[in-house]
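The structure is given below, and queries will be raised subsequently.
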Amino acid sequence: MSLSHSHSALALKSQLFSFARKNPFIAKKLHAQIIKSGFNQHDPFPKTLIDSYGKCGLLQDALKLFDSLPHRDHVAWATVLSACNLSNLPYKALSISRSILNEGLQPDHFVFSSLIKACANLGDGYIKQGKQLHARFLLSPYSEDDVVKSSLVDMYAKFELPDYGRAVFDSIFTLNSISWTAMISGYARSGRKVEALRLFRQSPFKNLYAWTALISGLVQSGNATDALYLFVEMRGEGVSIADPLVLSSVVGACANSAVWELGKQMHCVVITLGYESCLFISNALVDMYAKCSDLVAAKYIFCEMRRKDVVSWTSIIVGTAQHGLAEEALALYDDMVLAGVKPNEVTFVGLIYACSHVGLVSKGRALFKSMIGDFGIRPSLQHYTCLLDLFSRSGYLDEAENLIRTMPFKPDEPTWAALLSACKQHGNINMAVRIADSLLDLKPEDPSSYILLSNVYAGAGMWENVSKVRKLMVVKEVRKEPGYSSIDLGKESQVFYAGEASQPMKDEILGLMRKLDEEMRKRGYVPDTSSVLHDMDQQEKERQLFWHSERLALAYGLLKAVPGTTIRIVKNLRVCGDCHTVLKLISTITSREIYVRDLKRYHHFKDGNCSCNDFW
DNA sequence: ATAGGGTTAG
């Protein structure tokens, strides 16, 4: 056999492996041939095969081959870890590594980066393990490796610990686009927008990845408006926006700020660029329309989707449930199961939430059981909170209290507050006082918790406790964030702050509000001042309520929107009880449909009723 | 053989 012949055989083999990395059938075939030729124990074949199996998605085969290796070295270890990461099974990567570490093998720099990535993907439940890996890396002979350092920066970014990431970032010898992007992402997703922007401006690598990291991070941390401005800037810089990742983030930004008009424009951009049938983007669009209270459009997109995954179904189910259409949400769930799509933990949050809206106690309980028994999902605190909400809203207060005291999670502030608010609603003063004490022990942060506590103690005549609540408020410097509401009128949108009418149409707004107030009082409206935080006399409290921002926005909308159209308002805080009553009354008086999206819920007012069934 | 950007709840 000539030398050139064996060379060409080698070249052929390496070409075959490159096919095998993309095609599982070729990978299998190649494996069979290597066994036949007797080379299956010879380096580098087993490892190259593990790599091929991992890259073409046959993780099971990769793992089997790895287990059959008589001798595991660093290369085999690193290869199998990268296969696990590719298949999105970071837990498997950690468990394999535990056993290898027990055998006494120490990680090299390749193993470190894959392990750190696995930890990062597991999320902030794995902070401790991640820090241990960091320590082990610093003590290893590889402690100067820049690639591992970049993976650490990324890990701390995903844990939302950007200061830890920054320390590592500053120790990198040669920064490249990957390290810069990881660090920018770390600041952005932790909501540290000043630092994120400063770093981005300094970075010599302003490519698509960096822009997407910045924009998506800001969306995730609730800075949707900044994200949208940056997207406009990105477009102006001539960076191509024809990319599914950045587009889905920007659609998400429209969803989170509930800007319907802009959302529709983004939808047009998506169509123009040819991404209508991209699953991720369609999912984001369904969610966007639902969050902008346009369920018709959300459903239309959902129905037109060729492929629907669990996120698509969950988005439409949650969207439907949040608009008070519980029966429809439950019917969609049945369709989902019939379509063979397996629900996940988020789906059940939406479903149980839907049940609690309409008092379907036994259905909700059954869903909770089915989630555990049929789908093997371990309930999280959110699930218990939903179940608790279901019991307490429907007046099953004892069952609710039993649940909150026996569930395997420590109840947090919103959980106690939800139960307390239900006790108050159902007039169970004894229990309310008991629950209030538990809430007070937590030293709450949220101003609404203090309002609730103060009302409960005052209702029970426990004045010492009322003053204790007030003192704690002063100590903790609890202050209500200024409320504002915005209204979307197609081409323009207007923002109103509580307590002040904006200059345009100030007199007309005040005139209309007075007229409506008069109408409401004729129908028996008495202002409910129990949600006013500060100590002041009754008249002053009523004046405060009168100037709540959603009322100003509504009056402006009634004056300026096309007659008969639905009025859409977005508020930064939760709607207070009095405004809720007022909005219901005004929907009757003016025969208008009003959508209000507040911090937590959706309210659709029509003919004197609200889709939230007066419980929020 | 290793490191960077995306969708659903709260």
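The values are calculated or read from the model by the stated rules, or taken from the named source; none is laboratory data. Treat the numbers as computed from the prediction; the structure is a model and nothing was measured. Positions of Cβ are generated from backbone atoms using ideal geometry, with glycine treated the same way; all protein chains shown enter the neighbour counts. The protein model used for the area step is the full one, side chains on, heavy atoms only, and it has no ligands, DNA or RNA in it. Shrake-Rupley method; radii C 1.70, N 1.55, O 1.52, S 1.80 Å.
So what is the relative contact order for chain A, in percent, with contacts set as C-alpha pairs under 8 Å and at least six apart?
RCO, chain A: 5 percent.
Accessible area, 1.4 Å probe, largest first: how do A:ARG470, A:ARG514 sort?
A:ARG514, A:ARG470
Another question, then. For the peptides A:435-442, A:208-215, what is the packing order when you average, over each peptide's residues, the other Cβ atoms within 10 Å and list the highest mean first?
Put in order of decreasing packing, that is A:208-215, A:435-442.
Any idea what the dipole of chain A comes to, in debye rounded to 20, about its Cα centre with Lys/Arg Cβ at +1 and Asp/Glu Cβ at -1?
That gives chain A a dipole magnitude of about 960 debye.
Here is a follow-up. With +1 on each Lys and Arg Cβ and -1 on each Asp and Glu Cβ, and nothing else charged, work out how big the dipole of the range A:472-552 is about its Cα centre, in Debye to the nearest 20.
Computed about the Cα centre, the dipole is about 120 debye.
Something else about it: Take the alpha carbon gyration tensor of the range A:410-475, find the square roots of its eigenvalues, order them as a ≥ b ≥ c, and report rounded if a/c is under 1.5; if not, report prolate when a/b exceeds b/c, else oblate.
It is oblate, given that a/c is not under 1.5 and a/b is not larger than b/c.
Right, something else. Helix-only mean residue ellipticity at 222 nm, chain A, DSSP H runs n ≥ 4 weighted -39,500 (n - 2.57), per residue, nearest 500. What is it?
The per-residue figure over chain A is -20500 deg cm²/dmol.
Keeping the other protein chains in place, figure out the carbon and sulfur percent of the accessible area of chain A, with a 1.4 Å probe.
55 percent
Sticking with this one: Given the Cα atoms of the range A:156-253, and with Rh set as the inverse mean 1/r over their pairs in the Kirkwood sense, what is Rg to Rh to two decimals?
A ratio of 0.95.
Could you order A:ILE377, A:ILE317, A:ILE372 by accessible surface area, starting with the largest, using a probe radius of 1.4 Å?
The ranking, largest first, comes out as A:ILE372, A:ILE377, A:ILE317.
Just add up the charged neighbours of A:GLN494: K/R +1, D/E -1, any other residue whose Cβ is under 15 Å from the Cβ of A:GLN494.
Result for the local shell: 0.
May I ask which of A:LYS92/A:LYS369; A:LYS308/A:LYS342; A:LYS342/A:LYS369; A:LYS131/A:LYS158 have a Cα-Cα span longer than 18 Å here?
Result: A:LYS92/A:LYS369 exceed 18 Å.
Taking square-rooted eigenvalues a ≥ b ≥ c of the alpha carbon gyration tensor, is chain A rounded, prolate or oblate, where a/c under 1.5 means rounded and, failing that, a/b exceeding b/c means prolate?
The shape class here is prolate.
Could you tally the net charge around A:GLN265, taking each other residue with its Cβ under 13 Å from the Cβ of A:GLN265, Lys/Arg +1 and Asp/Glu -1?
Neighbourhood net charge equals +1.
Under a 1.4 Å probe, what is the accessible area of chain A per residue, stated in Å²?
Heavy-atom SASA per residue in chain A reads 49 Å².
Assign one of three labels to the range A:485-610, namely rounded, prolate or oblate, based on the Cα gyration tensor with a ≥ b ≥ c the square roots of its eigenvalues; rounded applies when a/c is under 1.5, prolate when it is not and a/b is larger than b/c, and oblate otherwise.
Verdict is rounded for the range A:485-610.
If you don't mind, another one. Identify, among A:CYS579, A:HIS604, A:TYR525, the residue whose Cα sits farthest towards the positive end of the charge dipole of the range A:485-610, taking +1 on the Cβ of Lys and Arg and -1 on the Cβ of Asp and Glu, with the dipole about the Cα centre.
Selected residue: A:HIS604.
Whole-Hz ³J(HN,Hα) for each residue in the range A:312-325, computed from phi via Karplus 6.51 cos²θ - 1.76 cosθ + 1.60 with θ = phi - 60°, x for glycine and proline: what do you get?
Here the 3J(HN,Hα) series is 4, 4, 5, 4, 6, 5, 5, x, 5, 4, 5, 9, x, 9 Hz.
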